[in-house]
Every structure is written in C-alpha cells, then in structure tokens.
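Structure record follows, encoded as structure tokens.
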Amino acid sequence: WLTASPQSRVGMGKTMHQLAAMNLTEEEYVRLKSNASEERRRVGMLVRDPNTSSEEKHHLQATMHMEAARGVVLCQTCFLLPGYCCCKRWKHVKLHHNVILYMHHNEWGRGINSGIVLATSAGAKIYVSGHRDHEAQLKVEIENAPDRVAILWPPNPHGEDLLPPMTAGELCVSYPDAVKDGLTIIGIDATWS
C-alpha cells in the first residue's frame, strides 16, 4: 500500500508526501505517534491519582506537552509542519535586554503561538510553567537581577492593579540605570485563567 499515489492516505491520516517532507517513514511516524499516545495515557493516570501532588501533576503535564503532545512531527522551533516551517524567514535582532517568555504548558507546541516569534527572532528564553527545571531557571534569572526585572502583564480590567501600568517611556524615566544596564523582561505567554 506504500506504492499508492503520493496523495494517498497512510498511517494516522498523513499522506506519503507529508511523511517524505518530514523525513519519516510510515513506520517511524506510527511509532512516534504511538509513543506520544502512550505517554498521554500514562500522564493522565498519574494526574488522576489523588496521591500525586499538585506540583508533580503540573510538572508531568508540562513535560508531556513539551515532549509528546504536539511536536512529534513538527518543526521543533516554530511548531509548523516541515513544508510550512518559517524559521529561515525570521530576521534576527540583538536585544540589549534579557527577554524571557513564561509560557503556559498548553501554549507549548502551538504553531500559532506569537511568543515563538520572540524566541526565534530575538533570542528570548522560554520557560514553561510547571516544568521543574524551567521554574528553577526562571527563579535564578529573577534572583540574578531582582532590581531590573520587568513583568509584562495586562492591566486588570477592573482597575485594581497593585502597581499602575507603565509605558516603556515611563520605565526609562523612572528607572534609567536599570534600563541602561539591561532589564530582564518577562512576558507572560499564556492560556491562563
């Protein structure tokens, strides 16, 4: 059945042409999808187990999303199918500031994720919420420059913000030394509730 036309459907709903673009044989693709499915089943059981701590559940979900949920056959940078990969089109810019994206695990691997643009074109670091290693690395980033951390967060629509929102210009005027030395700017890239 592999001798059918390139547009014929093969395992798991992909065409032979799509598999060729991904440099995968049908057997490799089916194995990868099967492994991802098994990992989702395993994590699902642990998440439903009342003896698993909430921190461990979050770590398991974050790890599963990063390793098995969406990126099995996608470009590991832009999360698009290889034929649609846009990585070579990005213009690269060097920033004076340390840019970090704190990403909800459900955002990881989404091809429409705008945070990936910052990572790909401006070298932003991505830390996935709930992933133990990422949480520890983010903590170190904040501890290394506690007086130069700016968190981008949308204002409260009810006007109950702890601090008033500040424009970039106001930030430069209020904290000129921190801006001159380079800020650690943390953007929230999220499906947060």
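Data table
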| item | result |
| --- | --- |
| Helices (runs of 4 or more DSSP H) completely within the stretch 1-82 that count 3 or more residues being at pLDDT 80 or above and open to solvent by 50 Å² or more (accessible area, probe 1.4 Å) | 26-48, 54-64 |
| Conditions (1) part of a helix (DSSP H, G or I); (2) at pLDDT below 90; (3) exposed (fewer than 11 other Cβ atoms within 10 Å of the Cβ); number of the one not met by GLU160 | (1) |
| Count - residues of the stretch 97-139 that are in a helix (DSSP H, G or I), within 26 Å of CYS172 (Cβ to Cβ) and free of Cβ contacts under 8 Å to residues at least 60 places away in the same chain | 5 |
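The values are calculated or read from the model by the stated rules, or taken from the named source; none is laboratory data. Note that the structure is predicted; figures quoted are calculated from it, not measured. A quick note on method: Cβ atoms are made from the backbone with ideal geometry, for glycine too, and the neighbour counts reach across all protein chains shown. In case anyone asks, the SASA skips ligands and DNA or RNA and just uses the protein heavy atoms, side chains included. Shrake-Rupley method; radii C 1.70, N 1.55, O 1.52, S 1.80 Å.
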